[in-house]
Amino acid sequence: MRNPATPGAIAESADLVLPLLSPRDLAAAASACRSLRAAAAAVTTRRAADAARSLEPLPVPFHNRVDSKPYAYFLYTPYSLARPAPGASSSPSAQPWGGAWARPPVPTWPRPSLDGFPSTVCGCACEAGECGGPRCTCVDAEADVADTGSEGGGMGSLRECGDGCACGPSCGNRRTQRGVAVRLRVVRHLHKGWGLHAVEALGRGQFVCEYAGEFLTTEEARKRQRLYDELASVGKLSPALIVIREHLPSGKACLRVNIDATKVGNVARFINHSCDGGNLHPVLVRTSGSLLPRLCFFSAGDIMEGEELTFSYGDARVRPNGLHCFCGSSGCCGVLPSEET
């Protein structure tokens, strides 16, 4: 039986425990002894190599030549999660990240119920190649299906096949359901903090990523936003809570969706604001059988390799004491958009 104090035993235990630790706890463990210091450094290196923790088809590395932060710490989810009932934990408290073991990417399809509600709607029975066509029941002929490559304009909308459809993951009408399939990188900026960049050239209308996080009730979103505003005002937090309002044809009511990627999210949490609209086009994607739409991003035009990916956070009122905007566009108003949630 191996002595638990030997370097070999410490290394084996470290490889199991250290990937579960937060950066602060990881640093504390590294100060204990030389073996743990080496193991913690290896965990940090592997974390910096992939923000997506092997949960996407392609790795999304961090790149920082500004300061000493090797990565941003958060819990990763490839798709949005529904907030559970009151009293239950809203998200996993720990997620292994940076372990030495190799593992294939977790498939993003089939997904669990995207909004946490059981589907009561049967999808289409289209054969391969028919989905999305005029006979496909997943397509609403009267829906505002925007040109996802159009520059400017408002938010587009699309319909895709869902869990109850007969088609599989290769279906052309599931273009946003297979995870991040373009090469991206999270880059540190001097003033903006982390930002998401394209590592390859992207064509106009190409799917980039979904904005994934926690679906919140409006009450919970307002509660969190108040806390986030306090922390952000003193530089202790970079919030990533987005509120989507979709007005109904009557104009008297709207669908409101709150997605918080501050603590639990995906690579889209790093997309920064641009006052000129940015190079990404936001699109609400409805999936057959799901009650809540998903927010997805497509390239609004051709995007060059190395270019930062941005979109407009909205045209809501600008607060004099709001967070400073560093987008650098010719029409920058100097302050990030904000609104009462």
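The values are calculated or read from the model by the stated rules, or taken from the named source; none is laboratory data. Because the structure is a prediction, the values reported are computed rather than measured. No Cβ is skipped: glycine too gets one built from the backbone with ideal geometry, and neighbour counts run over all protein chains shown.
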Checklist entry - For Val186, which of the numbered conditions (1) in a strand (DSSP E or B); (2) touching a Phe, Trp or Tyr at 6+ places or on another chain (Cβ under 6 Å); (3) within 30 Å of Cys165 (Cα to Cα) fails to hold? => result (3)
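Can you pull out the residues in region 279-318 that are among the hydroxyl-bearing types (Ser, Thr, Tyr) and within 14 Å of Ile242 (Cα to Cα)?
Step one: of region 279-318, the residues among the hydroxyl-bearing types (Ser, Thr, Tyr) are 287-288, 290, 299, 310, 312-313.
Across region 279-318, the qualifying residues are Ser312, Tyr313.
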Checklist entry - From the list Val106, Val186, Val180, which one is at negative phi, touching a Leu at 6+ places or on another chain (Cβ under 9 Å), modelled with pLDDT under 80 and surrounded by 12 or more Cβ atoms within 10 Å (Cβ to Cβ)? => result Val106
Checklist outcome for this item: When every residue in region 207-253 that is crowded, with 20+ Cβ neighbours inside 10 Å and in a loop (DSSP other than H, G, I, E, B) is compared, the one farthest from the chain's Cα centre (by Cα) is Ala240
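Table: residues versus (1) in contact with a helix residue (DSSP H, G or I) (Cβ under 6 Å, 6 or more places away or on another chain); (2) of a type in the set (A, V, I, L, M); (3) over 24 Å from Cys209 (Cα atoms); (4) buried (at least 18 other Cβ atoms within 10 Å of the Cβ).
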| site | (1), (2), (3), (4) |
| --- | --- |
| Ala32 | no, yes, yes, no |
| Ser35 | yes, no, yes, no |
| Ser68 | no, no, yes, no |
| Ser80 | no, no, no, yes |
